[in-house]
Amino acid sequence: MEKADWSGKTGGGRFGQRAMFKILRSVDVRFAYVVLYLVIPFSIAFRPKQFRAIYYMQRKRLHRNPIMAFVQTIRNFLLFGKVVLDKFAMFAGNTAQFKVNVRNQDMFSQMLSKECGFIAVGAHVGNFEIAGCTLQQYSKKFNFISWGGESEEMISHRLEAFKKVNPDAKIITVGNNISYLFDIKSAIDNGETIITSCDRLCGSPKHYDIDFLGEKASFPLGIFLIATKLKVPVLVVHIFKYRGLRYEGFVKELKFDSSIKSEVEQAQSLVRQYVEILEESVVKHPLQWFNYYNFWQPVV
């Protein structure tokens, strides 16, 4: 199995991204879906590692037969393309065309009404970033964690979209130093909200190996250690694409175990809950797993 690597960068280049933002600012994004049927075959042909990664997941982790795994992998690429186009449309400000329903959204709202900060975590399943474009509120500042590698064009439009629902929104970029950790702590100390995905290691040395879909995988421990040390609530937010432009999702709160005294063990307990929720989501939405690398390769 090849090394698990990923760039964390949206494709298309600066010119292509800028063109997509302009086009999708006012056009129904479904018109752009047609182009995917021309693009996806080339994408699959020139990205064999990514294809193998999803095929492996469908074949070995979800136990599809070879033909079904092949078909599901192609459908995954197509659905991912639609989700990416939806993101461009959202970041361009064309959000009215989407219908979003989030179960237990009141749980998120209750956290916003409290003085303490909290952490909302997602994963590269469905369309996590739609939460930042639709969960409108003005009482707490949103801090979105960006894991590096993204273009300035994409970051700029992403922040612009987030500011429409949260005027003071900020993007904290994770680089090669640890300064971002101070930004996260400062935000939580100020009663603000941290929003981040937690399924990729992003070079972090702190990780926890746990069974995921029947095989060991490494998950980052850092953000859960921060939550444990600062004693702040952690919410899991998953939002998935359904037919047309409809999205549905849910909010769940992770539980702290008062019987656990060790901060590391408490953080590991949070990871186990997070992975359990993630596994349930992937089984229910098997086409919306968007990690295009060898996710189950153990980290030494």
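General remarks:
- Qualifying trypsin sites (Lys or Arg not before Pro) for region 232-269 [loop in DSSP, other Cβ within 10 Å: at most 13]: R243, K255, K261
- Estimated vicinal HN-Hα couplings, Hz - region 183-194 in sequence order (Karplus 6.51, -1.76, 1.60; Gly, Pro = x): 5, 5, 4, 4, 4, 5, 4, 8, x, 9, 10, 9
- Taking amide H positions as modeled 1.01 Å from N, with prolines and chain starts lacking one, the residues under 5 Å from E253 and 5 or more places away or on another chain are V236.
- Close amide H contacts of F212 (hydrogens built in the peptide plane, cut-off under 5 Å, sequence separation of 5 or more or a different chain): A217.
- From phi via Karplus (6.51, -1.76, 1.60), per-residue ³J(HN,Hα) for region 94-102 in Hz, x at Gly/Pro: 8, 9, 4, 6, 8, 10, 10, 10, 10
- Around the amide H of S197, modelled in the peptide plane, lie the amide H atoms of G122, all under 5 Å away and 5 or more residues distant in sequence or on another chain.
- Net +/- balance of residues flanking V264 in space, Cβ distance below 14 Å, scoring K and R +1, D and E -1: 0
- From the alpha carbon centroid of region 268-291 to that of region 82-103 is 22 Å.
- Extension gain for L245 to Y180 (0.36 nm times residue separation, less C-alpha to C-alpha distance): 19.9 nm.
- Within-14-Å neighbourhood charge of V71 [Cβ basis; K, R +1; D, E -1]: +3
- The local environment of H124, defined by Cβ-Cβ distances under 9 Å, has a net charge of 0 under the rule Lys, Arg +1 and Asp, Glu -1.
- Cα-only radius of gyration and Dmax that characterise region 13-288, units Å: 18.8, 56
- Max mean-square fluctuation residue, GNM over the chain, Cα-Cα springs under 10 Å, options R75, R200, R47: R47
- Structure remark: mean-square fluctuation, Gaussian network model of the chain, C-alpha springs under 10 Å; the largest value among V264, V237, V39 belongs to V39.
- Inter-part distance where region 12-68 and region 155-193 are each reduced to a Cα centre, Å: 29 Å
- Once both labels are positioned 7 Å from their Cα atoms along Cα-to-Cβ, the gap between S259 and Y33 label points is 4.9 nm.
Each value in this text was obtained by applying a stated rule to the coordinates, not by laboratory testing. Here the structure is a predicted model, which is why all the values come from computation and not from measurement. Ideal geometry is used to build each Cβ from the backbone, glycine not excepted, and the neighbour counts take in all protein chains shown.
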